[in-house]
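Single-structure report; data block below.
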Amino acid sequence: MSQDITVGTIASHSALQILKGAKDEGFETVAICRKGTEKVYRQFKVADRIISIDNFNEFASIEDELVDMNTVLIPHGSFIAYLGLEGIKRLKPKYYGHKAILDWESDRQLERKWLERAGLKLPKMVDSPEKIDRPVIVKFFGAGGGNGYFLATSEEDFHEKMEKELDKGRLNDTRYIIQEYIIGTPLYIHYFHSLIMDETEIMSFDRRYETNVDSMGRIPAMDQLQLRIDPSYLVIGNFPLVVRESYLPKILQMGENVVEASKQVTKKGLYGPFCLETIVTDDGEIICFEISARIVAGTNPYVNGSPYTWLKYGEPMSTGRRVARELKNALNENRLEEVVE
Ligand code: AMP
Ligand code: AMP
């Protein structure tokens, strides 16, 4: 047992991998489940303890229990979705990661400043519908998982589709941004930055499986026109991917630059798992449209490690396990307080 710490997380998103990785590193684990979802976490034997709550907005009611267990919470996509930024900042149990970075990640303007400072290429922003002079993607703030995004090619097209989307009434936040639509192949790059080792590592890559955009190629263009299908981007799963080896030096440099730039905007900078969401164009440019400053679910195909972590570690090393390894290394060097908040 690794020095009486319990590794815990919300049971969704990438929890299986996080908890399995923690167990592999010798930690006790706890899964915080929404009632009715426990069976999966029991069946896969990843949780030593399960705490059930009716709804994640009751998370505060179990925090003392987590503190008593000396829990370190590992954040993932569901934390932001269910607890919100302020909920995360108020958490009482220990939390792996630098909370200040969340302000930079969740505000699209700050995020852009950060990535620009890192020297990444970003899609152009279009200030208002009248200025649409190229294909654009319209992204709502309240579009969980890309649901509700739409493409537009002109101002008229924008207004028509916007009206249609608002009529559906399914968005909880109707603020939006208009971004240049980049034509190319999506590439999600998974990194890990170790504070303890002072190193940025390439962990793996994925591409997403999204409905309905990924099924449009199965419908002949003629029928697409008749059916008037608008693409949507609700993520359903992820495919594993390896990239051309000659791209790796550039990709590693991008990750290192993002970490360096983060140190200029926050006290500790970004550490732990993070992901650059990119599109690679046909002239080989890697355009980054978003950063996730935490483990992404695209690492889930690699519970047993990726080709890259196999090269580096020679043992199964998922991103979840890499987090636990970092905690273990921090404990061994008496530096846990540096990596948790
Ligand atoms: P969930 O717990 O599945 O509701 O997911 C929480 C957040 O993570 C949502 O914003 C999802 O869009 C995102 N998410 C969940 N699974 C995936 C996935 N496989 N790939 C990318 N994003 C995901
Ligand atoms: P997101 O929710 O921001 O991760 O994006 C969801 C989907 O929209 C992904 O499939 C991306 O490939 C696509 N996407 C987002 N931004 C762009 C862009 N600027 N150009 C092309 N595709 C994009």
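The values are calculated or read from the model by the stated rules, or taken from the named source; none is laboratory data. The model shown is predicted, which means the values in this text are computed figures rather than measured ones. Backbone-built Cβ (ideal geometry, glycine too); neighbour counts: all protein chains shown. Accessible surface areas use protein heavy atoms only, side chains included; no ligands, DNA or RNA. Shrake-Rupley method; radii C 1.70, N 1.55, O 1.52, S 1.80 Å.
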Where Ser78 falls short, out of the listed (1) open to solvent by less than 20 Å² (accessible area, probe 1.4 Å); (2) assigned to a loop (DSSP other than H, G, I, E, B): (2)
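Can you say whether Leu73 is within 16 Å of ligand 1 (Cβ to nearest atom), open to solvent by less than 20 Å² (accessible area, probe 1.4 Å) and modelled with pLDDT of 95 or more, as far as the supplied structure shows? Walk me through how you get there before you give the answer.
On the way: within 16 Å of ligand 1 (Cβ to nearest atom): yes; open to solvent by less than 20 Å² (accessible area, probe 1.4 Å): yes; modelled with pLDDT of 95 or more: yes.
Judged against the criteria, Leu73 is a match.
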Cβ-Cβ under 6 Å pairs, at least 6 apart or on other chains, the range 234-261 side more than 20 Å from Pro301 (Cβ to Cβ), far side open to solvent by 50 Å² or more (accessible area, probe 1.4 Å) and not acidic (Asp, Glu): Asn257/Gly119; Ala261/Arg117
Residue match in the range 204-215 (condition: within 13 Å of ligand 2 (Cβ to nearest atom) and among the hydrophobic types (A, V, I, L, M, F, W, C)): yes
Qualifying residues in the range 81-96 (those that are surrounded by 15 or more Cβ atoms within 10 Å (Cβ to Cβ) and more than 16 Å from ligand 1 (Cβ to nearest atom)) - the one farthest from Leu16 (Cα to Cα): Leu91
Test: residue in the range 103-124 that is open to solvent by 20 Å² or more (accessible area, probe 1.4 Å), more than 27 Å from Val265 (Cβ to Cβ) and either outside any helix (DSSP H, G or I) or aliphatic (A, V, I, L, M) (or both): no
Counted residues, the range 259-277 - those being in contact with a Phe, Trp or Tyr (Cβ under 7 Å, 6 or more places away or on another chain) and either open to solvent by 20 Å² or more (accessible area, probe 1.4 Å) or within 16 Å of ligand 1 (Cβ to nearest atom) (or both): 5
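Only one residue in Val235, Val242 is open to solvent by 50 Å² or more (accessible area, probe 1.4 Å), within 16 Å of ligand 2 (Cβ to nearest atom) and under 29 Å from Gly269 (Cβ atoms), so which one is that? It would help to see each step written out before you state the result.
Details: Val242 fails: within 16 Å of ligand 2 (Cβ to nearest atom).
From the options Val235, Val242, the qualifying one is Val235.
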Any hit, the range 195-218, residues being among the hydrophobic types (A, V, I, L, M, F, W, C), touching a strand residue (DSSP E or B) at 6+ places or on another chain (Cβ under 6 Å) and open to solvent by less than 10 Å² (accessible area, probe 1.4 Å): yes
Qualifying position, being of a type in the set (D, E, K, R), closer than 14 Å to Leu120 by Cβ, open to solvent by 10 Å² or more (accessible area, probe 1.4 Å) and assigned to a helix (DSSP H, G or I), among Glu337, Glu256: Glu256
Enumeration of residues in the range 177-194 that are buried (at least 21 other Cβ atoms within 10 Å of the Cβ) and more than 9 Å from ligand 2 (Cβ to nearest atom): Ile189, His190, Tyr191, Phe192, His193
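Please verify whether Lys23 is within 22 Å of Thr319 (Cβ to Cβ) and at pLDDT 95 or above, treating the condition exactly as stated.
On the way: within 22 Å of Thr319 (Cβ to Cβ): yes; at pLDDT 95 or above: yes.
In short, yes.
Please go through the range 26-47 and give me each residue that is assigned to a loop (DSSP other than H, G, I, E, B) and either within 16 Å of ligand 2 (Cβ to nearest atom) or more than 20 Å from Asn304 (Cα to Cα) (or both), ordered by number. I'd like the intermediate steps shown before the answer.
Applying the first criterion (assigned to a loop (DSSP other than H, G, I, E, B)) to the range 26-47 yields 26-27, 35-37, 44-47.
Lys35, Gly36, Thr37 - these are the residues of the range 26-47 that are assigned to a loop (DSSP other than H, G, I, E, B) and either within 16 Å of ligand 2 (Cβ to nearest atom) or more than 20 Å from Asn304 (Cα to Cα) (or both).
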Inter-residue pairs, beta-carbon under 8 Å, first on the phi > 0 side of the Ramachandran plot and in the range 64-81, second open to solvent by less than 60 Å² (accessible area, probe 1.4 Å) and basic (Lys, Arg), 6+ apart: Asn70/Lys94
Candidate set from the range 26-47 (those that are of a type in the set (A, V, I, L, M) and more than 19 Å from Ser61 (Cα to Cα)); member that is surrounded by the fewest Cβ atoms within 10 Å (Cβ to Cβ): Val40
Whichever residue in the range 1-25 is away from ligand 1 (no atom under 15 Å from the Cβ) and assigned to a loop (DSSP other than H, G, I, E, B) and, among such residues, is surrounded by the fewest Cβ atoms within 10 Å (Cβ to Cβ): Met1
Filter result for the condition that a residue is under 21 Å from the mean Cα position of the chain (by Cα) and among the aromatic types (Phe, Trp, Tyr), over Phe158, Phe140: Phe140
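Return the only residue of Arg322, Arg294 being closer than 29 Å to Asn70 by Cα, away from ligand 2 (no atom under 16 Å from the Cβ) and not small (Gly, Ala, Ser). Write out each step before concluding.
Details: Arg294 fails: away from ligand 2 (no atom under 16 Å from the Cβ).
Being closer than 29 Å to Asn70 by Cα, away from ligand 2 (no atom under 16 Å from the Cβ) and not small (Gly, Ala, Ser) holds for just one of Arg322, Arg294, which is Arg322.
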